[in-house]
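Computed from the coordinates by the stated procedures, all read-outs in this text should not be read as laboratory data. No experiment lies behind these values; they were computed from the predicted model shown. All Cβ positions, glycine included, derive from the backbone under ideal geometry; neighbour counts span all protein chains shown.
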Amino acid sequence: MCGMSVRPSARASSFTESVIREMTRLAMEHGAINLAQGFPDFPAPEEVKRAAREAVAADLNQYPITWGEPELREAIAAAYRRSYGMAVDPERNVCVTCGSTEAMISSILGVLDPGDEVVLFEPFYENYGPDVILAGATPRYVALREPDWTFDEAELRAAFSDRTRGIVINTPNNPTGKVFSRGELELVAELCVRHDVVAFTDEIYEHITYDGARHVPLATIPGMEDRTVTISALSKTYAVTGWRVGWAIAPEPLMRGIRTVHDFLTAGAPTPLQHAGAAALALPETYYEEIRREYAERRGTMLRILAETGFEARPPAGAYYVMAGFRGLSELDDVTFAERLTAEVGVAVVPGSSFYSRPELGRGVVRFSFCKRLETLEEAGRRLRKLAGELR
Ligand code: GLN
């Protein structure tokens with residue numbers, strides 16, 4: 001017999017399990033090509049893998065300094081100086097975490113209080129809502145609208161109130177591919193300064209942009225250096241999503257809260273992989289040019305396949321996802337469509353409703369991830385051509 005107390009907490013019951021990660025399980029169950037969860041199926045750079053092997057061989061196998069091995073924190077500081085001219089003190093401003101997932105939740109728990117309000121743009125990456133709810137804070141949503149996923153200035157202004165303490169900015173954006181412009185970030189900065197708000201930025205796709213678009217970190221916009229938590233990770237840039245090495249960069253007063261939460265949540269990210277991370281961040285500029293070129297090719301292949309198979313999609317400006325309308329193919333709702341596409345066609349995608357506070361906003365849409373070898377994308381294309389039109 002279960003008593004009344006044998007149940008999950010009210011907090012944990014106030015949101016559901018990740019649909020993205022659930023689709024990965026469904027893909028495995030059906031042997032489907034996984035274009036749902038965004039992880040690469042191509043190898044990580046040889047130098048980076050070698051550095052990991054060498055770190056294990058050198059017995060760097062015990063707990064790291066909780067907020068990160070000095071070598072990696074120094075490499076992070078050097079990389080932000082080189083790429084963005086940001087002054088980051090590795091002793092005071094960096095916390096190495098278990099992926100950007102942990103960086104975001106440690107930052108939100110370390111900075112926000114129950115009752116605070118947090119502005120989130122939607123469609124959103126599904127972690128931010130639960131992160132905010134676990135902190136006892138309340139999300140306020142502002143719409144990004146097609147075709148170019150801009151937001152309405154008046155709507156953003158109206159979302160800020162006396163209770164607003166945070167805003168999450170994910171650029172380049174998952175799932176839309178939007179790359180926030182300097183002008184848009186300046187408006188965000190103006191509102192953050194006026195309302196004394198902290199920005200949490202998820203910049204994990206910082207090196208994946210197309211057609212000359214350049215990533216601008218919000219922390220580099222005047223007024224934001226002292227009120228921005230900048231988050232990124234090794235995962236996407238170096239194709240090592242399973243290593244779980246990310247980081248948060250923040251001004252010292254915020255960093256104190258972030259490091260405290262991080263310490264008690266995880267005690268630290270994997271030591272040898274942190275050392276490999278230092279090697280990754282030291283790769284030359286040509287590495288980033290090369291991954292941009294390869295991603296542009298993958299994007300082109302994905303868009304061609306979607307056009308040929310009756311989906312409606314526009315080229316994303318950054319990241320490696322594309323939101324695709326399927327109303328030309330099927331009247332099913334997005335969840336049923338995604339499940340049947342996985343089980344019957346053999347291509348897993350994420351239902352559009354997972355990215356919205358109100359599911360109806362994503363009903364005719366699914367998200368494709370194209371961080372895959374061209375052969376993988378072409379095989380998905382063959383499957384979609386054969387069967388997608390039959391899901392009625
Ligand atoms: N960012 C990935 C996606 O959107 C998922 C990351 C994760 O599951 N932790 O698919």
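Brief remarks on what is shown
- In region 81-109, the residue that is nearest to Glu252 (Cα to Cα) out of those that are buried (at least 20 other Cβ atoms within 10 Å of the Cβ) and in contact with a Ser or Thr (Cβ under 8 Å, 6 or more places away or on another chain) is Cys95.
- Residue identified as among the charged types (D, E, K, R), surrounded by 22 or more Cβ atoms within 10 Å (Cβ to Cβ) and in contact with a Pro (Cβ under 8 Å, 6 or more places away or on another chain) among Glu203, Glu225: Glu203
- Selection within region 43-80 - of a type in the set (Lys, Arg) and exposed (fewer than 15 other Cβ atoms within 10 Å of the Cβ): Arg50, Arg53
- Within region 31-50, residues that are in contact (Cβ under 8 Å) with a residue 40 or more places away in the chain and of a type in the set (Gly, Ala, Ser) reach partners that are assigned to a loop (DSSP other than H, G, I, E, B) and within 16 Å of the ligand (Cβ to nearest atom) with beta carbons closer than 6 Å, at six or more positions or on different chains, in the pairs Ala36/Val349; Gly38/Cys371; Ala44/Tyr238; Ala44/Ala239; Ala44/Val240.
- Selected residue [touching a residue at least 24 places away in the same chain (Cβ under 8 Å) and touching a strand residue (DSSP E or B) at 6+ places or on another chain (Cβ under 6 Å)] from Tyr238, Tyr210, Tyr205: Tyr205
- Residues that are farther than 23 Å from Glu206 by Cβ, of a type in the set (Ser, Thr, Tyr), touching a Leu at 6+ places or on another chain (Cβ under 8 Å) and within 16 Å of the ligand (Cβ to nearest atom) do occur in region 349-370.
- Residues in region 6-19 that are touching a residue at least 12 places away in the same chain (Cβ under 8 Å) and either touching a Gly at 6+ places or on another chain (Cβ under 7 Å) or farther than 18 Å from Pro139 by Cβ (or both): 1 in all.
- Region 119-131: number of residues that are assigned to a strand (DSSP E or B) and within 16 Å of the ligand (Cβ to nearest atom): 3
- Some residue of region 265-272 being among the polar types (S, T, N, Q) and touching a residue at least 24 places away in the same chain (Cβ under 8 Å): yes
- Annotation note: Cβ proximity below 6 Å between a residue of region 355-374 that is on the phi < 0 side of the Ramachandran plot and a residue that is among the aromatic types (Phe, Trp, Tyr) and assigned to a strand (DSSP E or B) (sequence gap 6+ or interchain) occurs for Ser357/Tyr141; Arg367/Tyr321; Ser369/Tyr321.
- In region 237-253, the residues that are assigned to a loop (DSSP other than H, G, I, E, B) and either away from the ligand (no atom under 12 Å from the Cβ) or buried (at least 24 other Cβ atoms within 10 Å of the Cβ) (or both): Thr237, Tyr238, Ala239, Val240, Trp243, Val245, Ala250, Pro251
- Of all residues in region 362-392, those satisfying the criterion of being surrounded by fewer than 17 Cβ atoms within 10 Å (Cβ to Cβ) and assigned to a helix (DSSP H, G or I) are Leu374, Glu375, Glu378, Glu379, Arg382, Arg385, Lys386, Leu387, Gly389, Glu390.
- The combined condition, being part of a helix (DSSP H, G or I), at negative phi and within 19 Å of the chain's Cα centre (by Cα), is fulfilled by Gly277.
- Subset of region 173-226 that is hydrophobic (A, V, I, L, M, F, W, C) and touching an Asp or Glu at 6+ places or on another chain (Cβ under 8 Å) - its residue that is nearest to the ligand (Cβ to nearest atom): Ala219
- The single condition from (1) in contact with a strand residue (DSSP E or B) (Cβ under 7 Å, 6 or more places away or on another chain); (2) surrounded by 23 or more Cβ atoms within 10 Å (Cβ to Cβ); (3) of a type outside the set (Ser, Thr, Tyr) that Val197 fails is (2).
- When region 110-138 is filtered for residues that are within 18 Å of Ser354 (Cβ to Cβ), buried (at least 22 other Cβ atoms within 10 Å of the Cβ) and more than 14 Å from the chain's Cα centre (by Cα), only Val132 remains.
- Evaluation of Tyr141 against the conditions (1) more than 21 Å from Pro359 (Cα to Cα); (2) within 18 Å of the chain's Cα centre (by Cα) shows that the sole unmet condition is (1).
- With a requirement of 3 or more residues that are more than 16 Å from the ligand (Cβ to nearest atom), the helices (runs of 4 or more DSSP H) lying completely within region 1-118 that satisfy it span 10-13, 46-57, 70-84, 99-111.
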